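Encoded as structure tokens, the structure appears first; notes follow it.
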Amino acid sequence: MDQVKFGTELISRLMDHLSSQLDGCVGVGLSVWPDGRLMRAVGRAAELDQLQLDGADGPLVVASRDERQTVGQVGGVDVVAVPGSWGNGGPVVLTVYLDHAPRGEDLKAIEEIEPLVATAASVVEFCAGEVLRADQMVRMVQHRRYIEQAKGLVMGARPCAPGEAFELLVRASQHANVKLRDVATALVLVVGGALEDSAEETVEPPRVAFDAARRLWDGLRK
């Protein structure tokens, strides 16, 4: 289909752009889960993604399983693995490989591009009749909206740039070992009491996410 061809080309351009924007980037990969199918790879990503798939371990595997941003090393190379949730069909995971430990500017650049890559990938899969269904695409958009709302709350409580607000949410999710989308949703509920334009089928986050959100909010107000 023409949409699939366009979507694939868009993914390639976005990943090439991300690679060019990051100093010391040695590879960028995009895989579809739960089957771990590699959709696109730049540089050493194909080799390093496959290494984790073969060993059933590493940041890529953890990010796909727990649906939370994961940082680590693979074969001596630093990696940031960022999942974009597609609902019950499993996430798409963007892996970015660097020759240094990820810095704030690296995470900011990844944050800006990852939603576009994940959305383009979802369109490709949907048009190809693969993993995605229309309702899963809607949920993915909802999850991203909640994350943006949570970032806005963090920025309001502690004047900071969007990238720093996102980092604080990521740290809270990693510390509590809970999905980023759950911490973000819980924070919106804790502070605002309701979700904007929420769908009836929205699932309430687990208690641990609410605990993490409250700790984050209490810390921001000190």
- Pairs, please: C-beta under 6 Å, at least 6 apart or cross-chain, first residue under 13 Å from Arg215 (Cβ atoms) and in the range 181-195, second assigned to a loop (DSSP other than H, G, I, E, B) and of a type in the set (Gly, Ala, Ser)? none
- Exactly one condition in (1) under 19 Å from Asp106 (Cα atoms); (2) under 15 Å from the mean Cα position of the chain (by Cα); (3) at pLDDT 85 or above is not met by Leu180; state its number. (3)
- Message: Suppose we filter Arg44, Arg37, Arg65 for residues that are basic (Lys, Arg) and under 14 Å from Leu180 (Cα atoms); which single one remains?
- Response: Arg65
- Query: What tally of residues in the range 147-163 results from selecting those that are in contact with a helix residue (DSSP H, G or I) (Cβ under 7 Å, 6 or more places away or on another chain) and assigned to a helix (DSSP H, G or I)?
  - Reply: 10
- Can you name the residue in the range 83-105 that is in contact with a Leu (Cβ under 8 Å, 6 or more places away or on another chain) and modelled with pLDDT of 90 or more and, of all such residues, is farthest from Glu67 (Cα to Cα)? Leu98
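Does Arg221 meet the test of being over 27 Å from Ser31 (Cβ atoms), surrounded by fewer than 18 Cβ atoms within 10 Å (Cβ to Cβ) and either modelled with pLDDT of 90 or more or not charged (D, E, K, R) (or both)? Give the steps one after another, and end with the answer.
Values: over 27 Å from Ser31 (Cβ atoms): yes; surrounded by fewer than 18 Cβ atoms within 10 Å (Cβ to Cβ): yes; either modelled with pLDDT of 90 or more or not charged (D, E, K, R) (or both): no.
In short, no.
Among the listed residues Phe166, Phe210, Phe126, which satisfies the condition of being more than 13 Å from the chain's Cα centre (by Cα), in a helix (DSSP H, G or I), at pLDDT below 90 and not β-branched (Val, Ile, Thr)? Step through it out loud before you land on a result.
Values: Phe166 fails: more than 13 Å from the chain's Cα centre (by Cα); Phe210 fails: at pLDDT below 90.
Result of the check over Phe166, Phe210, Phe126: Phe126.
Going by the conditions given, is Val191 at pLDDT 80 or above, of a type outside the set (Gly, Ala, Ser), surrounded by fewer than 23 Cβ atoms within 10 Å (Cβ to Cβ) and assigned to a helix (DSSP H, G or I)?
Here the answer is yes, as Val191 does meet what is asked.
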- Pairs, please: C-beta under 6 Å, at least 6 apart or cross-chain, first residue under 19 Å from Ser20 (Cβ atoms) and in the range 37-59, second surrounded by fewer than 19 Cβ atoms within 10 Å (Cβ to Cβ) and basic (Lys, Arg)? none
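The values are calculated or read from the model by the stated rules, or taken from the named source; none is laboratory data. Just so it is clear, the model here is predicted, and its values are computed rather than measured. Because the Cβ atoms are built from the backbone with ideal geometry, glycine has one as well, and the counts that use them run over all protein chains shown.
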